1. Which residue fluctuates the most in the chain, going by a Gaussian network model with Cα springs under 10 Å, if the choices are 86, 267, 169?
2. Rounded, prolate or oblate: which fits the range 112-268 when a ≥ b ≥ c are the square roots of the eigenvalues of the alpha-carbon gyration tensor, with rounded for a/c under 1.5 and prolate only if a/b beats b/c?
3. Report the far tail of the P(r) of the range 49-186, meaning the percent of Cα-Cα pairs longer than 19 Å.
4. What is the extension gain from residue 27 to residue 323, computed as 0.36 nm multiplied by their sequence separation minus the C-alpha to C-alpha distance, in nm to one decimal?
5. Compute the FRET efficiency between residue 206 and residue 283 as 1/(1 + (r/R0)^6), taking r as their Cβ-Cβ distance and R0 = 30 Å, and round to the nearest 0.05.
6. Pull out the extension gain between residue 180 and residue 49, defined as 0.36 nm times the separation in residues minus the alpha carbon to alpha carbon distance; nm, one decimal.
7. Compute the distance in nm between two label points, each set 7 Å from the Cα along the Cα-to-Cβ direction, one at residue 261 and one at residue 218.
8. So if R0 is 22 Å, what FRET efficiency would residue 128 and residue 166 give, r being the distance between their Cβ atoms, rounded to the nearest 0.05?
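None of the figures in this text is laboratory data; all of them are computed from the coordinates on show. Please read all numbers here as calculations on a predicted model, not as lab measurements. Cβ placement follows ideal geometry from the backbone for every residue including glycine, while neighbour counts extend to all protein chains displayed.
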């Protein structure tokens, strides 16, 4: 992440001249290349942090006033120590043709800006779908760069938009598709994925209807147990949002602590309480930003026909479902 340069090596270089007179370079067989970065001046050392991370297996030198005063090596990555693509969501093998998002989960931090090179959508086993994914810069990573969300191009999915009229939808009903992730993708330490990944699925028709919580079914646990509360949606919902939008309140309005999980290809969610259930009234609170696989939220459809007279929900942040532990 950074290298510390002792002040003894720097000598009498003025503090305000450090970026100009002190440098770190990549050592090559016939030349050296300057490395750009930031300098932090301390009492006994200067800490240099490169704008692009140091690369495993390469040698670097430290220059002061045009003279090399030291060098260091970043150890090569162990060939067996490689990251993995641990899971891909949605997990089902039958998905709507207007699928909006795909979530990739890795075992450790990956290099950003690489999905366009290493993620491919293949149709019927032979045809690469060009321009299927929205080219977002920066990409939609979580804070530690272990989860990436890819959007299929919304402009091609929504009716009557120019990309839709010019290129058509990325996927069509009744076809077979395969998401392919190349083994060449590297993590932040320069190690390649342990293996390539493929996920196959078939497409059904469009889903243009919002989820309706009043149609969900609840599996009520027994009192004085830590049995799970089961929520049955009747359709697959967006895995990334399912991790964020639920909470349970007791009769006094306090949040019940516990652990959420998804099962059955994201058609169900389960809540395991930290402490045994007490008899009484409870409320399942759902943020209305929850979406299905086609991006239809609890508030409104993603691709709504403006000629439709179907009402669109826009009010409130939450939907609530009351239940009771007898």
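1. Among 86, 267, 169, the largest mean-square fluctuation in the Gaussian network model of the chain belongs to 86.
2. Prolate.
3. On the way: 5819 of 9453 pairs.
Everything past 19 Å amounts to 62 percent.
4. On the way: separation 296, 0.36 × 296 = 106.56 nm, distance 6.68 nm.
Between residue 27 and residue 323, full extension yields an extra 99.9 nm.
5. On the way: r = 33 Å, r/R0 = 1.11.
It comes to 0.35.
6. In short, 43.7 nm is gained.
7. Result for the modelled spin labels: 2.1 nm.
8. Numbers: r = 18 Å, r/R0 = 0.83.
Computed FRET efficiency for residue 128 and residue 166 comes out at 0.75.
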